[in-house]
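The values are calculated or read from the model by the stated rules, or taken from the named source; none is laboratory data. This structure is a prediction, so every number in the text was calculated from the model and none was measured. Virtual Cβ from ideal backbone geometry, glycine too; neighbours counted across all protein chains shown. Just so you know, the surface numbers come from the protein's heavy atoms only, side chains and all, with ligands and any DNA or RNA stripped out. Shrake-Rupley method; radii C 1.70, N 1.55, O 1.52, S 1.80 Å.
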Amino acid sequence: MSRIGKQPVSIPKNVTVKIDKGNVVTVKGPKGEMKRAFHPEINITLSDNTVVVRRPSDKPFYRALHGTTRALINNMVQGVTNGFSKKLQLNEKTYKAEVKGKKVTFNLGYSHPIVLDIPEGLAVALDKRIITVSGIDKELVGTFAQKIRHLRKVDPYKAKGIIYVGEKIIRKAGKTIAAGTK
């Protein structure tokens, strides 16, 4: 049995979970509503403010789906109650970002500014050099944060680029001149 999959998902008081035909799970909470369809052979049941996920057999395919389904339902519940956020840092003084409406404009040392559309359901906030991406869908928050991060990858020699807050940069040593040569 999957260690993650066998754990029930507890539902807070201000959250409602509905399971429709075809394993479509709808979760409503104070921050919003999420809906997702799961594999029809995975058994998802609702009882006593908990969601329990069971698999039909021990085949590797179902074993993989078991834990994943439970984790996705848990992320939906966490998203509508608390939400998710990722913080990125512009790791160079000349790099700039600006939010205007539903677009983010980056000046990252290229010959042109880069404009990204903010996906529906996400919010982007700027505080000096820190970019905060937040929303109720963990997958969408992570995908958009990674898209921003890949606009300017970190240079291992000068440590310039866009990084997650708290991320450690592994620096490479620069070229050295051998002793005794002129």
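Rounded to the nearest 500, the helix-only mean residue ellipticity at 222 nm of the chain stands at -6500 deg cm²/dmol, with each DSSP H run of n ≥ 4 adding -39,500 (n - 2.57).
Can you tell which of THR45, GLY121, ALA97 lies farthest toward the positive end of the dipole of region 36-182, using +1 and -1 charges on the Cβ of basic and acidic side chains (Lys, Arg; Asp, Glu)? Of the candidates, ALA97 comes out farthest on the positive side. Each residue of region 5-16 was assigned a 3J(HN,Hα) from its phi angle through the Karplus curve 6.51 cos²θ - 1.76 cosθ + 1.60 (θ = phi - 60°); the sequence is x, 7, 6, x, 8, 7, 10, x, 5, 8, 10, 10 Hz, with glycine and proline shown as x.
With 0.36 nm allotted per residue and the present C-alpha distance subtracted, the LYS6-ILE114 stretch has 34.4 nm of extension available. What is the list of residues in region 142-179 whose amide nitrogen lies under 11 Å from a point 7 angstrom out from the Cα of ILE130, following Cα to Cβ? Counting backbone N atoms under 11 Å from the label point, the list is 165-166.
Over the chain, Cα pairs under 8 Å with separation of 6+ residues give a relative contact order of 17 percent. For region 115-172, carbon and sulfur atoms together expose 54% of the accessible surface, with a 1.4 angstrom probe and every protein chain in place.
Ordering THR176, THR26, ILE4 by the projection of their Cα atoms onto the charge dipole of the chain, which places +1 on the Cβ of Lys and Arg and -1 on the Cβ of Asp and Glu, puts THR176 at the extreme positive end. Computed in the context of the full set of protein chains, the accessible area of region 1-107 at 1.4 Å probe radius has 49% of its extent on carbon or sulfur.
The residues of the chain present an accessible area of 65 Å² per residue when probed at 1.4 Å with all protein chains retained. In the structure shown, the pairs LYS128/LYS158; LYS35/LYS168; LYS18/LYS103 are assessed against 27 Å; a Cα-Cα span above that value is assigned to LYS35/LYS168; LYS18/LYS103. Of the cross-linked pairs LYS86/LYS175; LYS59/LYS87; LYS59/LYS86; LYS102/LYS160; LYS93/LYS175; LYS100/LYS153, those separated by over 32 Å at the C-alpha level are LYS86/LYS175; LYS59/LYS87; LYS59/LYS86. Each Lys and Arg adds +1 at its Cβ and each Asp and Glu adds -1 at its Cβ; summed about the Cα centre, the chain shows a dipole of about 780 debye.
3J(HN,Hα) along region 40-47: x, 8, 7, 8, 10, 10, 10, 7 Hz, from the Karplus curve 6.51 cos²θ - 1.76 cosθ + 1.60 with θ = phi - 60°, whole Hz, x for Gly and Pro.
If you take the Cα centroid of region 1-30 and the Cα centroid of region 72-89, the two points sit 15 Å apart. Largest GNM mean-square fluctuation among ASN75, ASN91, ASN43, using the chain with Cα springs under 10 Å: ASN43. Debye-formula intensities of region 85-181, expressed as log10 I(q)/I(0) at q = 0.13, 0.17, 0.20 Å⁻¹, are -0.48, -0.74, -0.98 (one equal scatterer per alpha-carbon, no solvent). Close amide H pairs (under 5 Å, H built 1.01 Å from N) link PHE38 with VAL24, VAL25, residues at least 5 positions away or on another chain.
Residue-wise HN-Hα couplings along region 23-37, as the Karplus relation 6.51 cos²θ - 1.76 cosθ + 1.60 with θ = phi - 60° gives them from phi, are 6, 8, 9, 10, 10, 10, x, x, 8, x, 10, 10, 9, 8, 9 Hz; Gly and Pro carry x. Size estimate for the chain follows the Kirkwood approach: the inverse of mean 1/r over distinct Cα pairs works out to 19.3 Å.
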